[in-house]
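Take a look at the structure set out below.
The values are calculated or read from the model by the stated rules, or taken from the named source; none is laboratory data. Everything numeric in this text was worked out from a predicted model, so none of it was measured. Positions of Cβ are backbone-derived with ideal geometry, glycine not excepted, and every protein chain shown enters the neighbour counts.
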Amino acid sequence: MEYVRKQAKLMWNRTVDDELLMIFLAVAVGIISGFGAWVFRKTTELVADSITLFAESINAVSNPILIVLIPAVGGIFAGFMVVKWAPEAKGHGVPEIVYSVNVENGKMRLRVPFVKIIASAFTIGTGGSAGSEGPIAQIGGGFASFVAERTHLSPEHSKILVMAGVSGSISAIFNAPLGGVLFGLEIIPRDKKARAVLPLIVSSVVGTSIGEVILRSTSIFSFPKNISLVPSYIPTHFIMFLIIGVITGIASVFWIKGFYAFEDIFDDMKINPILIPALGGLLVGFVLLVMPSVNGLTYAPINEALSGKVLFTSALLLILGKFLATSFSIGSGGSGGIFSPTLLMGAMLGSAFGSILFYIHVQDLPIEFYAVLGMAGLFAASTRAPLTAIIMTSEMVGDFKLFLPLMFVVITAWIVSKSLLASDIYVIKLIRRGVKFENEDDLLDEITVASIMSRDLIDVSPKDRLEDVMSVMKETGYTGFPVVTEGKIVGIITEHDINIALDNLDMKFWIVDNVCTKKLVMTFEDCPLSIAFLKMDEQHVNRLPVVESKDSLKLVGWITRSDVMSAYRKFKTRKRMQEEEEKLFANLE
């Protein structure tokens, strides 16, 4: 009994220590996230101000040619940085965090937040139509990942800290602490597991405080006071809430599919990847000639909608303009978020709907009321984050008396969107790259790659002859080997590769370096076996090298499809035996 008490005390102390460490780190991450938001905003303003000063110096502030060319120049800068230094900084950012938390145990390269700051600042500062939530979230999450790595946190704690970084940065930039917490909880993790919420709350509060001190953040949208103080809602009101929920739910499907259709068009272009964002910026410039307000620097169109100043025709034109400009900016490879564009299009959709009701004298609710509902509805339907949409919308407009109509609209929009399209705007990007999220009950989630990988490796050199490799295959019975030089893996060679080479290459070219596969699909020791198996399945490979890290590429192990299947069978058998034993003892009792 004394031994049990000692062990319980040790476990209690360890738990308390872990909790205190996570709170301390959450405070640090909240501070970093808040300052990261400030640096990002100031960098964006610096780019925008520099452009304005340049235009003024040549007396060409309203010059159409300059308006078209400036976003293209921003696209070149952003494209160069993303292609050369951090491909993860391409696009709207949040999917990369979802991938990091759900697949890589919260690991992100430190260079990513720095590249994201500059690339997004050039995209938005030169007039690109993109939001700040994607860059800010990736900045906060990236720095949190670095802190987790330096403090040697466990994979689960690393995930929580990255989520806390996202919450802190979102809270700082939008002055929405509750919304920031829910954004980190509802959008980032995809395994439905319960996680500690306190670090996210701490980071969010700290981030918001930093934002209020150095960013002077307030409610970012101007919503008329007392407009939500409706004496009592009547049945007709609720019918209209449901209708706008259906409209925004359907609109979200067009928004998501349309956005990725443009991304496909840009991805299929056979030109230098650095030039594709420049082309997108050029197209944005043409949109800005007609509708300057669709740039990513201002929330003025949303505030006009929330003041009831945007009517039917103007609202529809702004929806079209924002959709095109955002698809051109981000779909072409520019760096920025889709949160703000989604809010703008939702607000305009609500304004258009409210304008119709106003003109046909159906209701007494003002147009700006429906602008708020449309904003929340399209956000919830596009991201599949209903709680975040309700709370964050209330915080952003500074009015918490909107819960009842917001709940009607958001839940309706969520149901409609989910019934028409399986995944949200963030996860679809990952699915298109071959990433899948399995159910949390997957048996292979409980096994790590390190527990089954082979450590005694037979590798070959890029300079080896194929005849020598074939001899090793014959001796060992293996059909594939890692290609290693100076301890780093540079390729994989398989029996299939050799057979193709023997049929198609002259004998003098029978060298491993000429034949091996150099486009590597790799994994890490702490990766769950379920993720490793998904990589094999999606990439159609039968073996995965296990490396120390993405940067070092030091080969530490090797797993094959048969290793995974064998581990699965053993684990499943053991699970069944445990279940049968539990049933047996239950019957005996």
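Total residues in the range 333-344 satisfying the condition of being farther than 10 Å from residue 302 by Cβ and assigned to a helix (DSSP H, G or I): the figure is 3. If residue 449 passes every condition in (1) more than 17 Å from residue 521 (Cα to Cα); (2) in contact with a helix residue (DSSP H, G or I) (Cβ under 6 Å, 6 or more places away or on another chain) but one, which one does it miss? Answer for residue 449: the failing condition is (1). Note on the range 124-135: residues that are more than 19 Å from the chain's Cα centre (by Cα) and either of a type in the set (Val, Ile, Thr) or part of a helix (DSSP H, G or I) (or both) amount to 2. Within the range 303-342, the set of residues being without any contact (Cβ under 8 Å) to a residue 60 or more places away in the chain and of a type outside the set (S, T, N, Q) comprises 304, 309, 311, 312, 315, 316, 317, 318, 319, 320, 321, 324.
In this structure, does residue 75 turn out to be under 25 Å from residue 174 (Cα atoms) and out of contact with any Lys or Arg (no Cβ under 7 Å at 6 or more places or on another chain)?
Working: under 25 Å from residue 174 (Cα atoms): no; out of contact with any Lys or Arg (no Cβ under 7 Å at 6 or more places or on another chain): yes.
Against the criterion (under 25 Å from residue 174 (Cα atoms) and out of contact with any Lys or Arg (no Cβ under 7 Å at 6 or more places or on another chain)), residue 75 does not qualify.
Scan the range 354-365 for residues that are within 37 Å of the chain's Cα centre (by Cα) and of a type outside the set (A, V, I, L, M, F, W, C) and the total you get is 2. On inspection, residue 149 does not qualify as surrounded by fewer than 24 Cβ atoms within 10 Å (Cβ to Cβ), not in a helix (DSSP H, G or I) and not assigned by TED's automatic domain parsing to the domain that holds residue 287. For residue 61, the conditions (1) modelled with pLDDT of 85 or more; (2) among the β-branched types (Val, Ile, Thr); (3) part of a loop (DSSP other than H, G, I, E, B) all hold with the exception of (1).
Selection over the range 83-117 of residues that are more than 16 Å from the chain's Cα centre (by Cα) and either modelled with pLDDT of 90 or more or acidic (Asp, Glu) (or both) gives a count of 0.
All but one of (1) within 25 Å of residue 176 (Cβ to Cβ); (2) out of contact with any helix residue (DSSP H, G or I) (no Cβ under 9 Å at 6 or more places or on another chain) hold for residue 360, so report the exception by its number. Every listed condition holds for residue 360 apart from (1). Of all residues in the range 43-55, those that are closer than 27 Å to residue 113 by Cβ have Cβ atoms under 8 Å from Cβ atoms of residues that are buried (at least 16 other Cβ atoms within 10 Å of the Cβ) and among the aromatic types (Phe, Trp, Tyr), 6 or more apart or on another chain, in 47/122. Among the residues making up the range 480-489, a single one is free of Cβ contacts under 8 Å to residues at least 40 places away in the same chain and part of a loop (DSSP other than H, G, I, E, B): 486.
In the range 269-276, the count of residues that are more than 23 Å from residue 133 (Cβ to Cβ), out of contact with any Gly (no Cβ under 8 Å at 6 or more places or on another chain), assigned to a loop (DSSP other than H, G, I, E, B) and among the β-branched types (Val, Ile, Thr) is one or more.
State yes or no: is residue 368 crowded, with 21+ Cβ neighbours inside 10 Å, over 25 Å from the mean Cα position of the chain (by Cα) and at pLDDT below 90? Judged against the criteria, residue 368 is a match.
Residue pairs whose Cβ atoms lie under 8 Å apart, sitting 6 or more positions apart in sequence or on different chains, and linking a residue in the range 447-470 that is touching a residue at least 40 places away in the same chain (Cβ under 8 Å) and charged (D, E, K, R) to a partner that is surrounded by 15 or more Cβ atoms within 10 Å (Cβ to Cβ) and not in a strand (DSSP E or B), are 463/512; 463/513; 464/512; 465/510; 465/512; 467/510. Could you list, in sequence order, the residues of the range 354-370 that are of a type outside the set (S, T, N, Q) and farther than 18 Å from residue 402 by Cα? 356, 357, 358, 359, 360, 361, 362 - these are the residues of the range 354-370 that are of a type outside the set (S, T, N, Q) and farther than 18 Å from residue 402 by Cα. Annotation note: of 178, 185, 161, 200, the sole residue that is part of a helix (DSSP H, G or I), at pLDDT 85 or above, of a type outside the set (Val, Ile, Thr) and closer than 20 Å to residue 112 by Cβ is 161. Scanning the range 136-194 for residues that are of a type in the set (S, T, N, Q) and within 22 Å of residue 430 (Cα to Cα), we see that the one that is nearest to the chain's Cα centre (by Cα) is 138.
For the range 345-374, the set of residues classified as of a type in the set (A, V, I, L, M) and free of Cβ contacts under 8 Å to residues at least 24 places away in the same chain consists of 360 only. Looking across the range 138-197 at every residue that is polar (S, T, N, Q) and in contact (Cβ under 8 Å) with a residue 12 or more places away in the chain, the one that is nearest to residue 95 (Cα to Cα) is identified as 138. Remark: residue 358 falls outside the filter, which requires a residue to be assigned to a helix (DSSP H, G or I) and within 17 Å of residue 248 (Cα to Cα).
Only one of the numbered conditions (1) part of a helix (DSSP H, G or I); (2) modelled with pLDDT of 85 or more; (3) not β-branched (Val, Ile, Thr); (4) not assigned by TED's automatic domain parsing to the domain that holds residue 378 is not met by residue 249, and that is (4). Looking across the range 278-323, just one residue is among the charged types (D, E, K, R) and either at positive phi or within 24 Å of the chain's Cα centre (by Cα) (or both), and that is 322.
Given (1) in a helix (DSSP H, G or I); (2) surrounded by 21 or more Cβ atoms within 10 Å (Cβ to Cβ); (3) touching a Pro at 6+ places or on another chain (Cβ under 9 Å), identify the lone condition not met by residue 315. Going through (1) in a helix (DSSP H, G or I); (2) surrounded by 21 or more Cβ atoms within 10 Å (Cβ to Cβ); (3) touching a Pro at 6+ places or on another chain (Cβ under 9 Å) one by one, residue 315 breaks only (3).
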